[in-house]
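Colleague: Next up is a structure, given as structure tokens.
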Amino acid sequence: MVLQLPPPIVTVRHLDKVRIHTFISAYTEDNIANATHIIEGEKELVLIDGQFLVPYAEQFRAYAKGLKKPINRLYLSHRHPDHWFGLYAAFADVPVYALQETIDFLKTDGQTSLQDHWKMGNLAPNGVLIPQHAVEAGTKEVIDGVTYVFDKIVDTEIDYLLTIRLPDQRVFIAQDLIYSGTHLYLTKYMNHWIDILGKMLTSEDELFLPGHGLPADKDEVARNIQYLTIAMEAVERGLTNDAFQRFMMESFPERKCAGIFKIYMPRLFDNASEF
Ligand SMILES: [Zn+2]
């Protein structure tokens with residue numbers, strides 16, 4: 001069977017000496033607008049995350065190939081499958097970097113996570129790629145003339161998240177700290193998550209690269225704070241599952257990708273396993 005997937009969206013921003021390419025899988029059906037990025041320097045490419053569905057991972061790789069510069073490395077932001085499934089399918093020959101916690105998770109639980117998605121068929125990869133290199137929080141690296149500053153954010157949308165700042169370009173690679181124009185994947189850490197977003201609002205950064213949706217500005221960071229605040233109030237009022245989803249969709253009719261509710265609600269309301 002040949003599956004017809006909707007086409008991805010690509011945006012390119014020209015900043016100083018770099019170009020930032022954002023490749024977004026579809027918004028329709030069960031897709032959740034997975035956003036992966038390429039930092040294109042003068043000579044080389046640095047990639048962020050590997051897409052979810054195999055066909056999008058392959059298209060993302062083909063797009064990178066079309067830029068005709070070698071891929072220096074790929075950074076994996078966190079352990080949610082929509083960010084690493086595509087690595088095995090399309091980036092097995094690329095050096096992959098991640099937090100040690102993410103590497104440890106993939107070693108112990110990556111296969112289980114993959115088996116849990118058996119219903120995806122050919123859209124899921126045949127194996128798990130274990131990142132070969134650990135990134136340490138608080139460190140800095142210059143790659144192809146571009147400065148990258150690494151940090152570890154704990155207990156927000158995920159337990160351990162790698163964030164990367166390009167200080168010279170005022171770019172913050174936030175991945176799943178923000179959901180740009182789409183419904184958020186909610187966790188029990190919403191309070192702390194709001195604190196972290198609040199710091200982003202007063203930072204020097206101007207462009208925020210999300211894990212879902214289009215590159216964002218501070219207004220979108222603020223809208224994510226509003227979303228989390230209203231979600232927390234709804235949880236406190238006792239709304240769960242269908243009633244909770246209905247309330248959030250009515251409160252934020254402009255947000256896309258409602259498919260995310262059924263992914264996170266069993267974990268938020270019914271204590272399903274973390275992956
Ligand atoms: Zn995600």
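Colleague: Read through the list (1) out of contact with any helix residue (DSSP H, G or I) (no Cβ under 7 Å at 6 or more places or on another chain); (2) within 16 Å of the ligand (Cβ to nearest atom), then give the number of the only condition that residue 49 fails.
Modeller: Of (1) out of contact with any helix residue (DSSP H, G or I) (no Cβ under 7 Å at 6 or more places or on another chain); (2) within 16 Å of the ligand (Cβ to nearest atom), only one is false for residue 49: (1).
Colleague: Ok, one more. If you go through region 104-132 one residue at a time, how many are in contact with a Phe, Trp or Tyr (Cβ under 9 Å, 6 or more places away or on another chain), closer than 19 Å to residue 94 by Cβ and not in a helix (DSSP H, G or I)?
Modeller: 7
Colleague: So in region 72-105, with the set limited to residues that are of a type outside the set (D, E, K, R) and out of contact with any Leu (no Cβ under 8 Å at 6 or more places or on another chain), which one is nearest to the ligand (Cβ to nearest atom)?
Modeller: Among those residues, the one meeting the criterion is 80.
Colleague: Hey, another quick one. Please specify each residue of region 22-46 satisfying the condition of being more than 16 Å from the ligand (Cβ to nearest atom) and either surrounded by 23 or more Cβ atoms within 10 Å (Cβ to Cβ) or touching a residue at least 60 places away in the same chain (Cβ under 8 Å) (or both).
Modeller: Those that are more than 16 Å from the ligand (Cβ to nearest atom) and either surrounded by 23 or more Cβ atoms within 10 Å (Cβ to Cβ) or touching a residue at least 60 places away in the same chain (Cβ under 8 Å) (or both): 29, 38, 39, 41, 42, 43, 44, 45, 46.
Colleague: Take residue 222 and tell me if it is more than 16 Å from the ligand (Cβ to nearest atom), closer than 16 Å to residue 251 by Cα, assigned to a helix (DSSP H, G or I) and open to solvent by less than 20 Å² (accessible area, probe 1.4 Å).
Modeller: Answer is no for this residue.
Colleague: Which of the numbered conditions does residue 126 fail, given that it passes all the others? Conditions: (1) open to solvent by 60 Å² or more (accessible area, probe 1.4 Å); (2) within 26 Å of residue 217 (Cα to Cα); (3) of a type outside the set (D, E, K, R).
Modeller: Looking at each condition in turn, residue 126 falls short on (2).
Colleague: Looking only at region 182-219, how many residues end up being outside any helix (DSSP H, G or I), within 16 Å of the ligand (Cβ to nearest atom) and open to solvent by less than 30 Å² (accessible area, probe 1.4 Å)?
Modeller: Number satisfying all stated conditions: 14.
Colleague: Quick check, is residue 88 within 21 Å of residue 7 (Cβ to Cβ), in a helix (DSSP H, G or I) and of a type in the set (Phe, Trp, Tyr)?
Modeller: no
Colleague: Quick one: residue 83 ticks every box in (1) outside any helix (DSSP H, G or I); (2) under 30 Å from residue 17 (Cα atoms); (3) touching a Phe, Trp or Tyr at 6+ places or on another chain (Cβ under 8 Å); (4) open to solvent by less than 20 Å² (accessible area, probe 1.4 Å) bar one, so which box is it?
Modeller: (1) is the only condition that residue 83 fails.
Colleague: List every residue pair whose Cβ atoms sit under 6 Å apart, with the two residues 6 or more apart in sequence or on different chains, where the first one lies in region 255-266 and is over 10 Å from residue 184 (Cα atoms) and at pLDDT 95 or above and the second, anywhere, is open to solvent by 20 Å² or more (accessible area, probe 1.4 Å) and outside any loop (DSSP other than H, G, I, E, B).
Modeller: 265/241
The values are calculated or read from the model by the stated rules, or taken from the named source; none is laboratory data. Since the model is a prediction, treat every value here as computed from it, not as a measurement. Every residue, glycine among them, receives a Cβ derived from its backbone with ideal geometry; neighbour counts consider all protein chains shown. What goes into the accessible areas is simple: the full protein's heavy atoms, side chains included, and nothing from ligands, DNA or RNA. Shrake-Rupley method; radii C 1.70, N 1.55, O 1.52, S 1.80 Å.
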